[in-house]
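The values are calculated or read from the model by the stated rules, or taken from the named source; none is laboratory data. Just so it is clear, the model here is predicted, and its values are computed rather than measured. Here the Cβ is made from the backbone with ideal geometry for all residues, glycine too, and neighbour counts use every protein chain on show.
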Amino acid sequence: MKKVVTSGSTFLWKEPKENEVLLKIENKSKEKLHTFLTSEDTMTLFEERLVDSEVTYGTVVEVLSEENGWSYVIILDQASDKNPKGYPGYIPTEYLSAMPEGYKRKEQVAVIAPTTELHFKDTTRPLAFGTVLELVEETTADYLVNSPNGEAYLAKEAAQKTGIYSGRPLADGMVDLAEQFLGLPYVWAGTSGCGFDCSGFMYSLHRVNGIFIPRDTPEQAAAGKHLAYKDAKPGDLLLFAYEKGKGEIHHVGMYVGNDEMIHSHTPGSKVMKSKISGSKYEEELIVVSRYWE
């Protein structure tokens with residue numbers, strides 16, 4: 001059975017049980033974005049490995065089972081080696097609802113601002129970067145979209161059609177989108193404008209352009225078109241492994257040119273730019289992977 005996410009976003013939890021961060025989230029309106037989480041909260045997510053990913057408002061999931069207020073789901077648009085259909089994990093059932101009639105039209109619109117608002121007839125609700133909704137029609141200033149709560153308007157200045165790049169090279173557009181998040185605190189498992197982990201950042205930059213790459217770093221390294229670093233272009237992914245490139249793949253960033261990458265650095269840090277040559281990243285670089293061609 002397929003359902004749709006109705007909260008602003010929700011984490012994909014490893015286990016169906018309460019914890020201090022989840023209790024804090026549950027005490028807020030389900031429409032609120034995760035911007036209220038503190039650095040201590042996000043560090044708890046990392047240190048206790050409570051979550052694996054994040055899904056935004058309007059995302060369709062496949063529900064495999066429901067029990068005690070939890071749904072075991074597959075995130076169908078997050079490719080993972082954990083399940084051939086997508087990323088598996090647990091979501092509180094209250095954050096899901098039946099798919100509206102007519103949902104999932106062919107054209108889609110993605111939020112590309114860090115946050116914005118969705119305008120219904122009598123109310124608004126916040127949306128985060130990475131949210132993708134179905135396009136109904138467009139006006140000069142807005143997109144009319146189909147959401148889990150009915151039709152609503154999304155300002156064009158904060159969104160774009162997926163797969164349409166307005167004459168600009170796709171890779172350059174992804175770099176521009178990435179740079180608006182410089183200084184944003186790292187969030188373990190994050191895939192939204194409220195905070196990213198390293199692979200979630202790369203995943204979402206591609207998703208808002210209609211390109212669905214694997215969710216986690218090992219799979220991101222395995223797929224795509226592989227290149228030598230000397231042939232890297234802005235928009236390519238740079239993937240890194242421990243033990244001077246011979247160990248476990250642990251990090252990813254996006255090449256921006258001039259021997260630099262932009263990346264959501266580490267837990268407790270933020271989105272930043274880093275030089276490759278002369279840094280630890282030079283010896284750890286294992287593969288350059290391109291998905292935008």
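So here's what we get for this one:
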| quantity | calculated |
| --- | --- |
| Residue within the stretch 10-31 that is in contact with a strand residue (DSSP E or B) (Cβ under 6 Å, 6 or more places away or on another chain), hydroxyl-bearing (Ser, Thr, Tyr) and either within 17 Å of Phe196 (Cβ to Cβ) or in the same structural domain as Leu205 (by TED's automatic domain parsing) (or both) present | yes |
| Enumeration of residues in the stretch 127-143 that are part of a strand (DSSP E or B) and surrounded by 16 or more Cβ atoms within 10 Å (Cβ to Cβ) | Leu127, Ala128, Val132, Leu133, Glu134, Leu135, Val136, Glu138, Asp142, Tyr143 |
| Residue ranges of strands (runs of 3 or more DSSP E) in the stretch 1-113 with at least 1 members within 26 Å of Leu205 (Cβ to Cβ), touching a Leu at 6+ places or on another chain (Cβ under 9 Å) and among the aromatic types (Phe, Trp, Tyr) | 9-13, 87-92 |
| Unmet criterion (only one of (1) over 21 Å from the mean Cα position of the chain (by Cα); (2) of a type outside the set (Ser, Thr, Tyr); (3) under 21 Å from Ile213 (Cα atoms)) for Gly89 | (1) |
| Qualifying residue in the stretch 91-101 (condition: polar (S, T, N, Q) and either exposed (fewer than 14 other Cβ atoms within 10 Å of the Cβ) or in contact with a strand residue (DSSP E or B) (Cβ under 7 Å, 6 or more places away or on another chain) (or both)) | yes |
| Enumeration of residues in the stretch 7-17 that are more than 14 Å from the chain's Cα centre (by Cα) and either hydrophobic (A, V, I, L, M, F, W, C) or buried (at least 20 other Cβ atoms within 10 Å of the Cβ) (or both) | Ser7, Trp13 |
| Any hit, the stretch 272-284, residues being of a type outside the set (Gly, Ala, Ser), farther than 21 Å from Pro169 by Cβ, assigned by TED's automatic domain parsing to the domain that holds Val187 and buried (at least 22 other Cβ atoms within 10 Å of the Cβ) | no |
